[in-house]
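Accompanying notes for the structure given below.
The values are calculated or read from the model by the stated rules, or taken from the named source; none is laboratory data. The structure presented is a predicted model; accordingly, all values stated were derived computationally and were not measured. As a convention, Cβ positions derive from the backbone with ideal geometry for all residues, glycine included, and neighbour counts pool all protein chains shown.
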Amino acid sequence: MEPEGRRVRRFGSEREFRTNHSLLPLRSRTTPPPSLSNSISFSCWYCDYKISTLNQPLFHLGRRYAAIFRPWFSVGVGFALTALLSVSLILLWEIGRALRVLPECSFGDLSSSLLFGFSSFPSSKGISLADAGYLLVSTLISVSLHEFGHALAGASEGIQMDYIAIFIVVLFPGALVAFNYDLLQALPRFASLRIYCAGIWHNAVCCAVCGLVLFFLPMILFPFYQHGESPMVLAIPSSSPLTGHLSPGDIIVSLDGIRINSAQEWMGISSLLNQLALENMNNATSVESIRRVNSSKGYCVPDSVLEENKKIKVVENQFGCPDDLAPFVAIPCPDTRLLDGNPKRVEENHCLNAKEVVKFNKCGDGWMGAETEGGSCACSQDKSCLSPIQTPDMLWVEVSYSSPYSSECLQFGRKLPSASRTSDFVEPNCGGTFVFVGDIISMASAIRLTAYQPRWAYFSPYLPDVLERIFMCTFHVSLTLALLNSLPVYFLDGESLLDAALCHFTMLSPNKRGKVLRICCLAGTLTCLLTLFRIFLKFL
């Protein structure tokens, strides 16, 4: 059995366990004392691995720089108490919502998610093997900083830890730092507060460091990567509708003539184009309505090209074309008289090759970022302004891209031209423009992009993305640990933190302080369980 002591337990929680009344029945597989070697303990529903080799190095480090660590962890006390007060108010809000005392609102959903850090993690349909790897690395970093915070804080107060343990209770993993309970009780109350708050404080500092690194990462990588010019394609799943159009290493330059500078702009402009198109589609109830909807976005097609194509067949107001052609409708002119006085009317529907049409000059005022020849009747006399016919599930967008890293591109690293031109601003053999017809949102979300481009071919394009994901995931995990351990619930740091705070800042007797602690922890635990249950029901 273990000597009487105190364990600082978590995913990061703190709880006292005595030898004669241990809540975790343990059997030690190794007999050497924990201060001399590592050991494994296990039971039918609990097992842990105790690490004692770091005891002396961490104790000497904490004692040597105690004059620095004590002010450092004193600042952490203020942060942790503020976090404890904040999450306690959120718990009170949740109690009011559960008892129907407070109204339901969007803030309530946000607070309950933020309480457990769920809002920190991006939602997705599934988690890939790479995502699991990032999560594992981030968890190891965050938990290690949390535990080392407790160990260094204890060492700065002259208390050496017994061991650091990694454990699994049923199916739930965690970690703990074991201290001698009698020595902890003999410390001044504010000194014990520094030890209890150290883990939360280190997780908060980790979040701040990750945020700063993410903010300055473009400058850090500036000598090797350029940032924010145009997003580069990192990966395209085989199920993506853009398979065959784009390849890893391609650079997306524009979408419907609008210059794209980042992955956020790629998604934002795609959503905007989809919203505008659907709003117009909702008002289109007939063939003539569809013509009016598309009259703002067209191409100046030569009449000679129109004569070579067959007329489109209209069946029950539905437009049909061969698979390799797309339907186009002539845009009606407000004024049928041209400048030379000769009238011109084109009312025919046509099936045209989209790859050829996008090479012609644009007309109409619906192109948000492209140079056009003006209104719908601005084409020359031997050309007609034609617009692609769209339906709610078959929207039309142009995607211009560059392939500076392909073997076909003769001048590697050529600077991308300005966004003043659209269909012809990509150099030959270095990219091009293609038309996507379908669900724009699915198209935009079906590829993985990065805002970084390597300045030389021998630099990996994946390194900035890996760094971003590691720091972002570490930020999220550290934030979750800090929030969880600030909760006034049983078996977490918040319980010991609340106990020490009541003892240090109040004049309550030990009996009254114990009752207040039990009431707060019981209410907090039940509220957290209820909140978790409600969150999981919403997920389902």
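For the reader, a short list of remarks on this structure follows.
- Filter result for LEU526 (surrounded by fewer than 21 Cβ atoms within 10 Å (Cβ to Cβ) and either not assigned by TED's automatic domain parsing to the domain that holds LEU91 or not polar (S, T, N, Q) (or both)): yes
- The sole residue among PRO248, PRO173 that is over 30 Å from ARG63 (Cβ atoms) and not assigned by TED's automatic domain parsing to the domain that holds LEU81 is PRO248.
- Residue count for region 242-259, restricted to those that are in a strand (DSSP E or B) and surrounded by fewer than 17 Cβ atoms within 10 Å (Cβ to Cβ): 1
- The lone exception for TYR490 - which of (1) at pLDDT below 90; (2) part of a helix (DSSP H, G or I) it fails: (2)
- Taking each residue of region 44-56 that is of a type in the set (Lys, Arg) and looking for partners that are at pLDDT 85 or above and part of a strand (DSSP E or B) with beta-carbon atoms closer than 9 Å, six or more apart or interchain, yields LYS50/TYR163; LYS50/ILE164; LYS50/ALA165; LYS50/ILE166; LYS50/ALA178.
- Filter result for GLN226 (over 15 Å from GLY62 (Cα atoms) and surrounded by 14 or more Cβ atoms within 10 Å (Cβ to Cβ)): yes
- Scanning region 477-509 for residues that are within 15 Å of CYS520 (Cα to Cα), of a type in the set (Ser, Thr, Tyr) and under 29 Å from the mean Cα position of the chain (by Cα) turns up just one, SER486.
- Members of region 242-262 that are under 24 Å from the mean Cα position of the chain (by Cα) and among the charged types (D, E, K, R): ASP250, ARG259
- The requirement of being surrounded by fewer than 20 Cβ atoms within 10 Å (Cβ to Cβ), at pLDDT 90 or above and part of a loop (DSSP other than H, G, I, E, B) is fulfilled somewhere in region 462-480, by at least one residue.
- Strands (runs of 3 or more DSSP E) wholly inside region 1-118 that include at least 1 residues being among the hydrophobic types (A, V, I, L, M, F, W, C) and at pLDDT 50 or above: 39-42, 46-51
- Residue count for region 220-241 under the criterion of being outside any strand (DSSP E or B) and under 20 Å from the mean Cα position of the chain (by Cα): the result is 2.
- Matching strands (runs of 3 or more DSSP E) fully within region 372-450 where at least 3 residues are modelled with pLDDT of 65 or more and of a type in the set (Gly, Ala, Ser): 431-438
- Test: residue in region 488-497 that is free of Cβ contacts under 8 Å to residues at least 40 places away in the same chain and either under 30 Å from LEU214 (Cβ atoms) or crowded, with 21+ Cβ neighbours inside 10 Å (or both): yes
- Test: residue in region 197-211 that is surrounded by fewer than 21 Cβ atoms within 10 Å (Cβ to Cβ), more than 20 Å from SER142 (Cβ to Cβ) and either of a type in the set (A, V, I, L, M, F, W, C) or outside the structural domain of PRO404 (by TED's automatic domain parsing) (or both): no
- For ILE447, the stated conditions do not hold, so it cannot be described as of a type outside the set (D, E, K, R), out of contact with any Leu (no Cβ under 9 Å at 6 or more places or on another chain), touching a residue at least 12 places away in the same chain (Cβ under 8 Å) and closer than 30 Å to PHE224 by Cβ.
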